[in-house]
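A short write-up of the structure that comes next.
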Amino acid sequence: MNIRLDKISAFSIVSCSGLYLSQVIISPVYFIVLFGLFLLIISNNKIASVYKYQFYSVGIFFIYLLSTNLTRIDFSIYGNLLITAIVAISTPFTLRNLSQIDKNNIFKCYMLITILLVSIDACWRFTHPDYESAKNLERLYELGLGFQLYKTNSLMYIDSNFVANQVLISIVVLLIVSKIKLRSNKTFLVLLVLLFLCLSRSAVIAFLLTAVYIYFNDINKKYKSLLRFFFPFVAIFISYEIFSLVQGDLSFQSKFYIFDTSYDYFMNTNAYNKFFGVGLTNGVHAIGKGTHSLYVTLFIETGIFGVLLFSNMILSLFVKKTVRPLLIAYLIASFSLGSIMVPYFYALMWFVFDVKKYEEPS
């Protein structure tokens, strides 16, 4: 009975961890993850001892966020934070008693759901440009930002950059655990096309740099020939971004403006806000503009204590070689637009931990 509950719980918490639909009142991920948590409590599993330190570092970080944001943010935002915390903390329990075949099937279900959802999202964005948000369409094209029309009308999130980050994490996990018989080459290529259709330069750059890391660290020999094909694009993309910056790419330059504004705010705010932050998603009220970058979000919205706990969590995870590509991709992509509330990232991270736990010392 417990094993059956484990399977359903793992499917609900892991496979559906990225099932976001911003166009509906409440995304399906909320109901499904809570249902999975209920089944998990009934099954009464224990955490695997092989990664207890990592588990505690993740848990402490989210306990801090939940406690400091309880009365400071909107109910919907807190609900998203709570769902992320549930996935981040409960996933190791859901995978505890599953066989390798069951874990593989859970991962296949996640990939299928992600590909289907992102494909629908891409079709919607390109057939329904967001003309309403464009105050001066002609000026937008003149500045080379016409592609923005196809980014801010996502079905899944408010911006397709968030969709791209989810696809990016899925690709990297696929590369890490490629021993799963999933017809990985086709799946990889489909995900790669979907990544480019998200029109997120930061996610593409993160993928290229992570692919280089995977190649040189020999994590996955199977993909060496495939990854070698993308090496020239790394130099091309980086050169293009530098050129765009020099030529006045407002989208790129705005990120540095946010950093400057955030630094000025941080140096002049009160001690409480410095140490505990202003609360998740409240950064826009503090600096007059969305924080966008994960690093700005951490300093402005979670404070010094939040930065320290996040850094401790990342460092505790980084000591495990198997999840490093995942962390590298997430941290690079989050420079432009990132979020703490990404349940699929934690679900897949624990999945990688679990299926690769015997390949390196603890």
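Suppose accessible area is computed on protein heavy atoms with a 1.4 Å probe; arrange ARG201, ARG96, ARG125 from highest to lowest. Before the final figure, lay out the partial values.
Numbers: ARG201 55, ARG96 105, ARG125 0 Å².
Correct descending sequence by accessible area is ARG96, ARG201, ARG125.
The packing ranking, built from the mean of other Cβ atoms within 10 Å per residue, places the peptides 265-277, 54-66 in the order 54-66, 265-277, highest first. Amide H contacts of TYR157 (H built 1.01 Å from N, in plane; Pro and chain starts excluded): SER22 sit under 5 Å, all sequence-distant by 5 or more or on other chains.
Averaging 1/r over each pair of different alpha-carbon atoms in the stretch 293-362 and inverting the result gives 12.9 Å, the Kirkwood hydrodynamic radius.
Calculate, in nm to one decimal, what ILE314 and LEU189 gain on full extension: separation in residues at 0.36 nm each, minus their alpha carbon distance.
Working: separation 125, 0.36 × 125 = 45.00 nm, distance 2.90 nm.
Between ILE314 and LEU189, full extension yields an extra 42.1 nm.
Checking the Cα-Cα distances for LYS151/LYS356; LYS274/LYS320; LYS103/LYS321; LYS151/LYS186 against a 27 Å cut-off, the pairs over it are LYS151/LYS356; LYS274/LYS320. Among HIS285, HIS128, the sequence by solvent-accessible area, most first, with a 1.4 Å probe is HIS285, HIS128.
Would you kindly state how much longer the chain becomes between SER22 and LYS108 on full extension, computed as 0.36 nm times their sequence separation minus their alpha carbon distance, in nm to one decimal? Walk me through the intermediate numbers first.
On the way: separation 86, 0.36 × 86 = 30.96 nm, distance 2.39 nm.
Full extension of this stretch gives 28.6 nm more.
The values are calculated or read from the model by the stated rules, or taken from the named source; none is laboratory data. Everything numeric in this text was worked out from a predicted model, so none of it was measured. Using ideal geometry, Cβ is built from the backbone for each residue, glycine included, and neighbour counts are taken over all protein chains shown. For the accessible areas, the whole protein counts, side chains as well, though only heavy atoms, and no ligand, DNA or RNA atoms are used. Shrake-Rupley method; radii C 1.70, N 1.55, O 1.52, S 1.80 Å.
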